[in-house]
Amino acid sequence: MFDRRNMVAFTTLMQELSVTKAADKLNISQPAMSATLRKLRATLGDPLFVKVGRSLCPTDRAIEIQKIVKEISGLLDGIDRDRVSFDPRVDPLSLRLQASDHTHSLILSNVMAALLVEAPLADLTIRPLAYEYLERDLEEDVLDFAILPDFLAPSNMQMRKIFEESFVCIMRKDHPAASANLTVEALSKCQHIRVAPVLVQGQNRLDQSFKKANLVRDVKLTVANYAAVPDVVASTDLLSFFPSSLARFLDARFTIRSSPVHLAPHTMSLVWHPRKQTSASHKWARNFLIRAASRFIANEKQGV
């Protein structure tokens, strides 16, 4: 069996080209080193070294094996480093994240600015949230993290809260409903944009809240994300329910109203696979993402 101990012995013999010097370097006796060399020759099916004068000369097979051992040792060292420590200042790191367009808009600039400073060798890939493949992608290590409402997180994954998201109603400034109190009855007479990034049994959480309030919306447009909503709202009589954190960036073209229907806030969470729990690099990355996102949310609440 060519295990890690044998790799160390082989590498030392290749460096020293002497059984005596290799034994001294490994702090073992010369007979023990000679016995190890015999085992290596039997295991690898090659003499490995031939005597040339007073030194050993590696065979062609030994030189080939050295290249393989060097590559394997590098991989094993990387595994050990990741288990024991991770230094974001000098260690490379590639992060793969899935999140909605809403989350992109909300935290991406702050996260990226901090990442470039704290982990200069890191890179970040963000893909659209694909809920139907999320568990599989985390399981198959195609993905490191996802950010999504906690009620959508697979039950077998690890999770930590990042922020809470509430919703408001937005409409153009001169919308017919902008001049009066917004009631459930008034909402029922308006035309709506329905944003449905993730559906569970055909409905999302906002749909369910409206159904409980007996609000039947006249939905004229259904979209999968929030990106296009402001432009449509600004140029039509359509109104929409919109994340509060994004609504504060809207300009003077819009009127923002509280919802007359109780809409429970969504707890947005960072989700990852349990096998990543003890990885030093992954632990740093998730703490960084939570810290950077939380800092942004805190600044937004303070109007910074």
Within region 184-193, does at least one residue satisfy the condition of being in contact with a Lys or Arg (Cβ under 8 Å, 6 or more places away or on another chain) and free of Cβ contacts under 8 Å to residues at least 40 places away in the same chain? yes
Residue identified as at pLDDT 90 or above and either in the same structural domain as ASP144 (by TED's automatic domain parsing) or under 20 Å from LEU106 (Cα atoms) (or both) among PRO230, PRO260: PRO230
Residue list for region 245-265, restricted to those being over 21 Å from ALA186 (Cβ atoms), touching a residue at least 60 places away in the same chain (Cβ under 8 Å) and surrounded by fewer than 14 Cβ atoms within 10 Å (Cβ to Cβ): ALA252, PRO265
Applying the selection to region 118-143, what residues are hydrophobic (A, V, I, L, M, F, W, C), within 24 Å of PRO197 (Cα to Cα) and surrounded by 16 or more Cβ atoms within 10 Å (Cβ to Cβ)? LEU124, ILE126, LEU129, LEU134, LEU138, LEU143
If PHE242 meets every condition in (1) touching a helix residue (DSSP H, G or I) at 6+ places or on another chain (Cβ under 8 Å); (2) outside any strand (DSSP E or B); (3) surrounded by 19 or more Cβ atoms within 10 Å (Cβ to Cβ) apart from one, which number is that one? (2)
In this structure, is ALA146 buried (at least 17 other Cβ atoms within 10 Å of the Cβ) and either in a strand (DSSP E or B) or more than 13 Å from the chain's Cα centre (by Cα) (or both)? yes
Do we have ASN225 as touching a helix residue (DSSP H, G or I) at 6+ places or on another chain (Cβ under 7 Å) and either modelled with pLDDT under 95 or surrounded by 16 or more Cβ atoms within 10 Å (Cβ to Cβ) (or both) here? yes
Give the residue that is modelled with the lowest pLDDT, with candidates limited to residues of region 271-294 that are buried (at least 22 other Cβ atoms within 10 Å of the Cβ) and of a type in the set (A, V, I, L, M). ALA293
Could you check, for region 108-117, whether at least one of its residues is assigned to a helix (DSSP H, G or I), modelled with pLDDT under 80 and surrounded by fewer than 16 Cβ atoms within 10 Å (Cβ to Cβ)? yes
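The values are calculated or read from the model by the stated rules, or taken from the named source; none is laboratory data. Values in this document were obtained by computation on a predicted structure and should not be read as measured data. Backbone-built Cβ (ideal geometry, glycine too); neighbour counts: all protein chains shown.
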